[in-house]
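The values are calculated or read from the model by the stated rules, or taken from the named source; none is laboratory data. From a predicted model like this one, the values you see are computed outputs, not experimental measurements. Here Cβ is always computed from backbone atoms with ideal geometry, including for glycine, and neighbour counts include all displayed protein chains.
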Amino acid sequence: MNETMVTVVGNAATSADYRTTQSGVPAVRFRLAATVRRFDQASGSWTDAYTNFFTVWAWRQLADNVAASVAIGEPLLVRGRLRVREYEKEGVRCTDPTIDATAVGHDLGWGTAAFRRVSRLRPSFAEPGRAELDGTARDALVPSMEVGGVPAAAERAERAEKGERQPVLTPDLG
């Protein structure tokens, strides 16, 4: 496959528009504004040049997480497949660059974020008391209160405000 993968750094220009497809797949759409900045030698300062706008689509679990995490104006990094659609509207040729996102995150160069792991749980009828991952029920999102003995995001934020050292988060590979 020769898909064009891009990573775009910008700001959320619209709120995340959450919807569900007819087959029940969660989807979210928002616009991302990426402004080019240039250093003006004459004035000795940075100035805005032009802004590129992208329509970003996220699907399934990523859609749920984007809808719960992204607000207008927030600095983001978006990675995904670039699609450019050309069309004509009222006699004018238009271009619509779209990114099918595979990853969306906050740009931590501009601020901090508190990560909260979510799990989609559904009771298993094979083993009572055990839960399985389920990719369909949006209302089953449950924030993890603790991951491997590490306090949840709210507690980490409270510790940071007090100036306490933060525990190091490591992925559970087992």
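Please indicate, with yes or no, whether at least one residue in region 4-23 is on the phi > 0 side of the Ramachandran plot and at pLDDT below 95. Checked against the condition, which is being on the phi > 0 side of the Ramachandran plot and at pLDDT below 95, region 4-23 yields no hits at all.
Yes/no matrix, rows are residues, columns are (1) over 20 Å from ASP107 (Cα atoms); (2) without any contact (Cβ under 8 Å) to a residue 24 or more places away in the chain:
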position	(1), (2)
THR4	yes, no
ASN11	no, no
SER15	no, no
ALA33	no, yes
ARG37	no, yes
ALA42	yes, yes
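Out of VAL70, VAL56, VAL78, VAL9, which single residue is in contact with a Leu (Cβ under 8 Å, 6 or more places away or on another chain) and over 27 Å from SER119 (Cα atoms)? So the residue among VAL70, VAL56, VAL78, VAL9 that is in contact with a Leu (Cβ under 8 Å, 6 or more places away or on another chain) and over 27 Å from SER119 (Cα atoms) is VAL9.
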